[in-house]
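Below you'll find the structure, written out as C-alpha cells, and then a few comments.
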C-alpha cells in the first residue's frame, strides 16, 4: 500500500502526504481538548475489547479512569496490555496511538476522575459518572507510540 492517500472531489484530485513519527506535542490541541479515546484491551479468552474512554494526556502518558466494579478492572488485572488511540475527525486529522500496559491505582483516583469527567461534560456533576465505588485510575505506560497528521498539505 502506498504511503499516500488520495483526496478526490468532482473538481480536485490531489496527493495527500502523511507526516509520520511526530512527537505528541506536534499534534496541536488534540491532546488538550476533550477527545474520546478508543481503548483496546484483552478479554480472558484472548479476544480484543475496544471501548471508548474519557482520557487526559498528562506527564507524557494517557490517563483514564474506570468506575469501581467495572469488568475492565478485572480484565486489566488479568492482562494489562492495552492500545489507546485518539484521532481527530477534522483536517489535518492528527492522531496518536500508544501501545503498552496499564498501571492501576486507587490513590487519588476520585479526584482525577472528577477532573476528567468535568472536562468531558461540564453540564453534569462529575460524580454522576463515577459512582459510589472507588474508581481505578489507569496510566498507560508506553512501549510504542505512533503519531501522525496531514498538516504539511494545503487542504482544498
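The values are calculated or read from the model by the stated rules, or taken from the named source; none is laboratory data. In this text, all values refer to a predicted model and were calculated from it rather than measured experimentally. Glycine gets a Cβ as well: all are built from the backbone with ideal geometry, and neighbour counts include every protein chain shown.
See the values below:
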{"quantity": "Which numbered condition residue 129 fails, given (1) in contact with a helix residue (DSSP H, G or I) (Cβ under 9 Å, 6 or more places away or on another chain); (2) loosely packed, with under 15 Cβ neighbours inside 10 Å", "calculated": "(2)"}
{"quantity": "Members of the range 75-123 that are within 20 Å of residue 26 (Cα to Cα) and either assigned to a strand (DSSP E or B) or without any contact (Cβ under 8 Å) to a residue 24 or more places away in the chain (or both)", "calculated": "84, 85, 86, 87, 89, 90, 95, 96, 97, 98, 99"}
{"quantity": "Residue within the range 140-150 that is over 17 Å from residue 55 (Cα atoms), at pLDDT below 95 and in a loop (DSSP other than H, G, I, E, B) present", "calculated": "yes"}
{"quantity": "Per-region count, the range 91-135, residues in contact with a strand residue (DSSP E or B) (Cβ under 8 Å, 6 or more places away or on another chain) and farther than 28 Å from residue 23 by Cα", "calculated": "5"}
{"quantity": "Number of the exception - residue 64 against (1) out of contact with any helix residue (DSSP H, G or I) (no Cβ under 8 Å at 6 or more places or on another chain); (2) at pLDDT 95 or above; (3) surrounded by 14 or more Cβ atoms within 10 Å (Cβ to Cβ); (4) over 16 Å from residue 42 (Cα atoms)", "calculated": "(1)"}
{"quantity": "Restricting the range 46-56 to residues that are within 11 Å of the chain's Cα centre (by Cα), without any contact (Cβ under 8 Å) to a residue 40 or more places away in the chain and under 15 Å from residue 102 (Cβ atoms), the residue that is surrounded by the most Cβ atoms within 10 Å (Cβ to Cβ)", "calculated": "53"}
